[in-house]
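The values are calculated or read from the model by the stated rules, or taken from the named source; none is laboratory data. Everything quoted here is computed from the prediction, not taken from an experiment. Quick reminder, even Gly has a Cβ in these numbers, built from the backbone with ideal geometry, and neighbours come from all protein chains shown. What goes into the accessible areas is simple: the full protein's heavy atoms, side chains included, and nothing from ligands, DNA or RNA. Shrake-Rupley method; radii C 1.70, N 1.55, O 1.52, S 1.80 Å.
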Amino acid sequence: MSKLRARGEQIRTFILKNVEQYPDSIAQVAATEFDISRQAINKHLERLVDEEALAVQGKTRNRRYKIKPLIEWSDHFKIVPNLAEDIIWSTEIEPRLGAMPDNVMAIWNYGFTEMFNNAIDHSEGSVISVRLSKSAADTEILLFDDGIGIFKKIQIELGLLDERHSVLELAKGKLTTAPNLHSGEGIFFTSRMFDDFDIMSGGIYFSHKFGEQEDWIHERKQVSSGTGVWMKLSNHTSRTAKKIFDQFSSGDDYGFNKTVVPVKLAQYGSDRLISRSQAKRLIVRFDRFKTVVLDFEDVDNIGQAFADEIFRVFQKQYPDIELVPVNANEDVMRMVKRAISNR
């Protein structure tokens, strides 16, 4: 490939990745990024429009660009005894995804089949709706079932105090309400593989963005029952499923034995993390891992009892489990060190 052609593809890739953020100024943004004229960028924009990768509205300086879907498809599947996620994948999803790098197709295979199977086995619903949208830049898939709702299901099965606590348990991984059927790894690893991964159910909205350690939990007005799972992935990512699995394996043991826990998910509203009860809810199922990374991002302070329960009481009970605090400010680390010194 010539250098000129390679640079052209680099410019067009940049445009596709950034046009959603800069729909009316993408020409100037790209011109600045590559230190070339807007006229040169306009030629690339025209080519992307001709190839139907972009749609354009307006004229001259009032032009706005947006990604144009290459494929838009949806269907509904009744949850019946013979419904199987691998059959739906091979007959309905994989053919519509079209030509993709092997690593991208492998991630979609894993994510779609895991989420579709969860809806079959756990939703207690009657139908699963699937919507697929593919553009030149990325692909999105939304699955929605009309069941009980994933966060409510976890709350009931595990006897949790609040639906929001269900999100904390999902963020740890190894969570399943049917241990004879599932290992509890599917949602955790799927959420880490995709560029964007969201679950919407009842009054809770859970979100994870690739490259960020933390998960986000939001409350919303409950508009319906059931569960919606949304996944988005670049068609050209170099990410592999193996790299994601390896991130959560410790040493030579390639089992799922390492987790990153966003501590702030244990904090509801304006509550401060001060009590032993709060700590006990946080450390539930820590004993299933060899390494637990406690991410204190956005946690301003913690109480003595909260820190003591985790870093002294739990650690004395499970001395072989490694607890690793990260992103902790001075006040938080002071409490952590105090608890460790009292072992």
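Before moving on, here are some points about what is shown:
- Taking the listed residues 129, 90, the one that is among the hydroxyl-bearing types (Ser, Thr, Tyr) and in contact with a His (Cβ under 9 Å, 6 or more places away or on another chain) is 129, with no other qualifying.
- Within the range 151-170, the residues that satisfy the criterion of being in a helix (DSSP H, G or I), open to solvent by 20 Å² or more (accessible area, probe 1.4 Å), free of Cβ contacts under 8 Å to residues at least 40 places away in the same chain and not acidic (Asp, Glu) are 153, 155, 156, 158.
- The range 312-343 - residue that is β-branched (Val, Ile, Thr) and open to solvent by less than 60 Å² (accessible area, probe 1.4 Å) and, of those, farthest from the chain's Cα centre (by Cα): 313
- Checked against (1) at pLDDT 90 or above; (2) surrounded by fewer than 17 Cβ atoms within 10 Å (Cβ to Cβ), residue 31 passes all but a single condition, namely (2).
- Conditions (1) open to solvent by less than 60 Å² (accessible area, probe 1.4 Å); (2) within 21 Å of the chain's Cα centre (by Cα); number of the one not met by residue 90: (2)
- Members of the range 150-202 found to be more than 17 Å from residue 282 (Cα to Cα), modelled with pLDDT under 75 and not polar (S, T, N, Q), listed by number: 178, 179, 181, 182, 184, 185
- Test: residue 21 is in a helix (DSSP H, G or I), open to solvent by 60 Å² or more (accessible area, probe 1.4 Å) and of a type outside the set (D, E, K, R): no
- Any pair with Cβ under 6 angstrom, 6 or more apart, that starts in the range 278-297 at a residue that is farther than 14 Å from residue 324 by Cβ and ends at one that is assigned to a loop (DSSP other than H, G, I, E, B) and at pLDDT 90 or above: 287/318
- Residues of the range 58-76 satisfying the condition of being out of contact with any helix residue (DSSP H, G or I) (no Cβ under 8 Å at 6 or more places or on another chain) and either at positive phi or touching a residue at least 40 places away in the same chain (Cβ under 8 Å) (or both): 58, 60, 64, 66, 68, 69, 70, 72, 74, 76
- Helices (runs of 4 or more DSSP H) fully within the range 49-148 that include at least 1 residues being touching a Gly at 6+ places or on another chain (Cβ under 6 Å): 102-122.
- Where strands (runs of 3 or more DSSP E) sit wholly within the range 253-337, those with at least 2 residues that are of a type outside the set (Ser, Thr, Tyr), more than 17 Å from residue 166 (Cα to Cα) and in contact with a Pro (Cβ under 8 Å, 6 or more places away or on another chain) occupy 291-295.
- Meets criteria (surrounded by fewer than 20 Cβ atoms within 10 Å (Cβ to Cβ), modelled with pLDDT of 75 or more and aromatic (Phe, Trp, Tyr)) for residue 216: no
- Of all residues in the range 122-150, those that are within 30 Å of residue 52 (Cβ to Cβ) have Cβ atoms under 6 Å from Cβ atoms of residues that are hydroxyl-bearing (Ser, Thr, Tyr) and open to solvent by 10 Å² or more (accessible area, probe 1.4 Å), 6 or more apart or on another chain, in 131/74; 138/234; 140/133; 144/129.
- Filter result (among the polar types (S, T, N, Q) and out of contact with any helix residue (DSSP H, G or I) (no Cβ under 9 Å at 6 or more places or on another chain)) within the range 91-121: 91
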